[in-house]
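**Student:** Before I ask anything, let me first share the structure, which is written out below as structure tokens.
The values are calculated or read from the model by the stated rules, or taken from the named source; none is laboratory data. Keep in mind that what you see is a predicted model, and the values were worked out from it rather than measured. Quick reminder, even Gly has a Cβ in these numbers, built from the backbone with ideal geometry, and neighbours come from all protein chains shown.
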Amino acid sequence: MRTTKPSIPKGTRDFSPEVMVKRKQIIQTIESVYQKFGFVPIETPAMEYLSVLTGKYGDEGDQLIFKLLNSGDFLAAAKETARDYKQLTPVIAEKALRYDLTVPFARFVVMNRNSIVFPFKRYQIQPVWRADKPQKGRYREFYQCDADVVGTNSLLAEAEIVAMINTTFKALNISGFIIKINNRKILAGLTEVLNCTGKESELCVAIDKLDKIGKEKVLEELTAKGFTEESLKTLDPVFALEGSNEEKISFLQDFLKNSETGLKGLEEIKSVLGLADKLTHGESNIEMDITLARGLSYYTGAIFEVKATSVSIGSIAGGGRYDNLTGVFGMPGISGVGISFGIDRIYDVMEELNLFPSETLLSTKLLLCPFDEEAINYATTLVTSLRNAGINTEIYPDAVKMKKQLSYANSKNIPFVVLIGSEEISSGTLSLKNMQTGEQAKLSLSEIINKLV
């Protein structure tokens, strides 16, 4: 048989036990915060019908959806189809891997509308897939931790998201972060001021790349999409806007004075800032950023993005308000707002800042080290009591030299071992050794449990 060199696709990763323990810590922290704020868990399938996903992420987003070829002779169905990929794709690929968790959630809400109590607050922690170019902090397969509330227009929902972000990063000991906020109605107002009404999507897609490609390239893209030189000159003060949130709001109050939509978005931001300030006792870490656009086309109100200030990496969380995402599935008028934490980028931030405590590497707390087969049998009578007491315990399965067993404990950072030989079996008194200090003591099983619990 021909051997194959093992490899994995670019943009995907294996996770070692050491990495998984740290990832679990992040997930459990986020999950506990979601539960604290009243959210309940759901899950949706890894694959969705392509028709469910397309048209929700803009043209560029749609191109990053991983399509799944139909089973069987999928080419037979394609013989009569034009070879343009946009026409061909739905014929040979009816399903796709989910691009995010929000659109599948909207589909879930519509399908389960009769059993859901609104407002419905759900969280979802699952992997998503994007056919993106892999780079640091950007993968083709990655986990998202989403929390959304649907069925309410209240701006308190946006403010609670700000509070959740703060609570989560405090729990993870990430102090260097900033929550950026904007509103899609303000961006729509900008197009009205520029006399480019109807080009909100083009403006958002271009401005969303500001951090990546810079102002000049953004202006080139807007020019190519039909924005005039005069309109871009009018836009120039927006790119240069700095100062406090109050100063930015004051500027926009005048700049958007002829746009009813823009002023409504500005009022919404003022309300969110005020509510968030109360919920976080003045520690919201929130900054208004008029150039924040987020490229996803379904956002209609507030939009959020969280950046780490002490590490050079992309956004570590993001989200926003969507007023009619369920409408495309036949259930109009259901407004929602949500946030998504990027576990992979949060992990990279914590790793770079050395924020993981050393004890997170621990899985086994106690290793039973038998000298011989009789000792292995004796260890089996002890281990269940230890585990029932909440002590993560394992038995070394082979009667090998003690040096090898202790080396195993050291390699796994197991802090305690119990040495079991004929003397321990006959006396019922066990030798407990602290692997960090080398201290050793003769103790009964109950004394060991009391010491380690």
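**Student:** Specify the residue that is surrounded by the most Cβ atoms within 10 Å (Cβ to Cβ); the eligible residues are those in segment 403-421 that are among the small types (Gly, Ala, Ser) and touching a residue at least 40 places away in the same chain (Cβ under 8 Å).
**Tutor:** Ala409
**Student:** Determine if segment 333-353 includes at least one residue that is under 19 Å from the mean Cα position of the chain (by Cα) and part of a loop (DSSP other than H, G, I, E, B).
**Tutor:** Yes; the residues of segment 333-353 include at least one that is under 19 Å from the mean Cα position of the chain (by Cα) and part of a loop (DSSP other than H, G, I, E, B).
**Student:** Inside segment 280-332, can you point out the residues that are aromatic (Phe, Trp, Tyr) and either assigned to a loop (DSSP other than H, G, I, E, B) or at pLDDT below 85 (or both)?
**Tutor:** Within segment 280-332, Tyr298, Tyr299 qualify.
**Student:** Select from segment 87-133 the residues that are of a type outside the set (A, V, I, L, M, F, W, C) and closer than 16 Å to Ser51 by Cα and list them in ascending order.
**Tutor:** Gln87, Thr89, Pro90, Glu94, Lys95, Arg98, Tyr99, Asp100, Thr102, Pro104, Arg107
**Student:** Considering segment 359-410 alone, what residues qualify as being of a type in the set (Asp, Glu) and under 13 Å from Gly421 (Cβ atoms)?
**Tutor:** Asp372, Glu373, Glu374
**Student:** Still on this structure, I have one more. Consider only pairs whose beta carbons are under 8 Å apart and that are at least six residues apart or on different chains; among these, list those whose first residue lies in segment 437-453 and is within 15 Å of Ile425 (Cα to Cα) and whose second residue is exposed (fewer than 11 other Cβ atoms within 10 Å of the Cβ).
**Tutor:** Ser444/Gly428; Leu445/Gly428
**Student:** Go through (1) more than 15 Å from Val417 (Cβ to Cβ); (2) outside the structural domain of Arg140 (by TED's automatic domain parsing); (3) touching an Asp or Glu at 6+ places or on another chain (Cβ under 9 Å) for Ile316 and report which single condition fails.
**Tutor:** (2)
**Student:** With the structure loaded, tell me whether Phe37 is within 30 Å of Leu353 (Cα to Cα), among the aromatic types (Phe, Trp, Tyr) and either surrounded by 10 or more Cβ atoms within 10 Å (Cβ to Cβ) or modelled with pLDDT under 95 (or both) or whether it fails that test.
**Tutor:** yes
**Student:** Same structure, new question: If you go through segment 354-370, how many residues are exposed (fewer than 14 other Cβ atoms within 10 Å of the Cβ) and either at pLDDT 90 or above or outside any helix (DSSP H, G or I) (or both)?
**Tutor:** Looking only at that region, the number is 2.
**Student:** From the list Leu194, Leu203, Leu232, Leu256, which residue is out of contact with any Phe, Trp or Tyr (no Cβ under 9 Å at 6 or more places or on another chain) and surrounded by 20 or more Cβ atoms within 10 Å (Cβ to Cβ)?
**Tutor:** Testing whether each residue is out of contact with any Phe, Trp or Tyr (no Cβ under 9 Å at 6 or more places or on another chain) and surrounded by 20 or more Cβ atoms within 10 Å (Cβ to Cβ) leaves just Leu256.
**Student:** Going by the conditions given, is Ser340 touching a helix residue (DSSP H, G or I) at 6+ places or on another chain (Cβ under 9 Å) and not assigned by TED's automatic domain parsing to the domain that holds Ile30?
**Tutor:** Answer is no for this residue.
**Student:** Hey, among Glu394, Glu439, Glu447, Glu424, which residue is of a type in the set (Asp, Glu) and exposed (fewer than 12 other Cβ atoms within 10 Å of the Cβ)?
**Tutor:** Result: Glu439 is the single residue among Glu394, Glu439, Glu447, Glu424 that is of a type in the set (Asp, Glu) and exposed (fewer than 12 other Cβ atoms within 10 Å of the Cβ).
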